[in-house]
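**Student:** Submitted below is the structure of interest, expressed as structure tokens.
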Amino acid sequence: MPKQFTARLIFANDIPVDHAQVSVFDGIPGTASAQNLTIGECNSDSSGRFTVQYLDPQETPYLFFKYQARDHEYTYVRKLRRAPAELRLPENQWLEFKPSEFGFKFRNNFPPFDLPDGLQRLLSLPIVSENYGLCGGMSSGAYDCYLSGRRPQAEDVPEAGSPLHFYLFKRAMNTFGLFGENLLQVAKWTRTPDHNPNSPPILTRREWETIKRELDAEKAVVLTLIYKYAKNNKELFNVIWDNHQVLAY
């Protein structure tokens, strides 16, 4: 009785594995007793997904992958039993993100909308009454599209409350940190003058090594650019939103 297994294949830096050859063997591939049980050919698609069909094995079945990474050919073997729905390979792939392909085609300028109940209580504001940006959501969302192997289709700014608007708003909130710790850090930097011993330029240099490690690992990083300085907390609430978030790669 034929069987099948479906999963998604990604590199160590989260990039989907495209056109990987997938096989199932009855035993460890490369050994004399191992037989190829794969029915037909199976290759992963642009999002890394695949469904491999194979004959019912008599011994422990093994997955065998053959793929390209950084202009080299690799193979990877693991037991099929208890294999997760997302399989991560040990190599990194080149990060080939292109804003022209994976960036959103509309402007970062969104119309007013009702705030979610939780944010209403937190900010004591019933609505966002002026146009605003979701630069963190658009930066994160574009990278999400790249990692999932799909290109954004919408060409117009999404209506308030639409699925795309909700998604971008949610991803923007994600950049603030689980408990808002990133937003608090941005607030602290916005309140710190450039002549301070711990000024934003000095703090940026301290953070650069962490950012560089991510970039060297072929990962994109969402950065916050501090554009404004606030003399006090009242001014901070007005100018903190004039800072900007971008995707570095």
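**Student:** Relative contact order of the chain, please, whole-number percent, based on alpha carbon pairs below 8 angstrom and at least 6 residues apart.
**Tutor:** Relative contact order of the chain: 16 percent.
**Student:** Here is a follow-up. Excluding same-chain pairs closer than 8 in sequence, count the lysine pairs in the chain whose Cα atoms lie under 14 Å apart.
**Tutor:** Lysine pairs satisfying the spacing and distance rule in the chain number 4.
**Student:** Also, quick follow-up: Using the alpha carbons of the range 169-249, what is the convex hull volume per residue in cubic angstrom, as a whole number?
**Tutor:** 102 Å³
**Student:** From the mean inverse distance of alpha carbon pairs (Kirkwood) and the Cα radius of gyration, derive Rg over Rh for the chain.
**Tutor:** Using only Cα positions, Rg/Rh for the chain is 1.10.
**Student:** Mind checking the angle between helix 181-190 and the chain's longest principal axis? C-alpha axes, 0 to 90 degrees, to the nearest 10.
**Tutor:** That helix lies at roughly 40 degrees to the long axis.
**Student:** While we're here: Quick one: 3J(HN,Hα) in Hz for the range 37-52, Karplus 6.51/-1.76/1.60 with θ = phi - 60°, rounded, Gly and Pro as x.
**Tutor:** 9, 5, 9, x, 9, 9, 9, 6, 8, 5, 8, x, 7, 7, 10, 9
**Student:** Sticking with this structure for a sec: What number results when the radius of gyration of the range 3-88, computed over Cα atoms, is divided by 2.2 N^0.38 Å?
**Tutor:** Taking the Cα Rg and dividing by 2.2 N^0.38 Å, one obtains 1.03.
**Student:** Using the basic label-point model (7 angstrom from Cα toward the beta carbon), what is the residue 159 to residue 239 distance in nanometres?
**Tutor:** Result for the modelled spin labels: 3.9 nm.
**Student:** Quick one: net charge around residue 217, please, counting Lys, Arg +1 and Asp, Glu -1 for every other residue with C-beta under 14 Å from its C-beta.
**Tutor:** Cβ neighbours under 14 Å give a net charge of -1.
Taken together, the values in this text are just the output of simple stated rules run on the coordinates, not laboratory data. In this text, all values refer to a predicted model and were calculated from it rather than measured experimentally. No Cβ is skipped: glycine too gets one built from the backbone with ideal geometry, and neighbour counts run over all protein chains shown.
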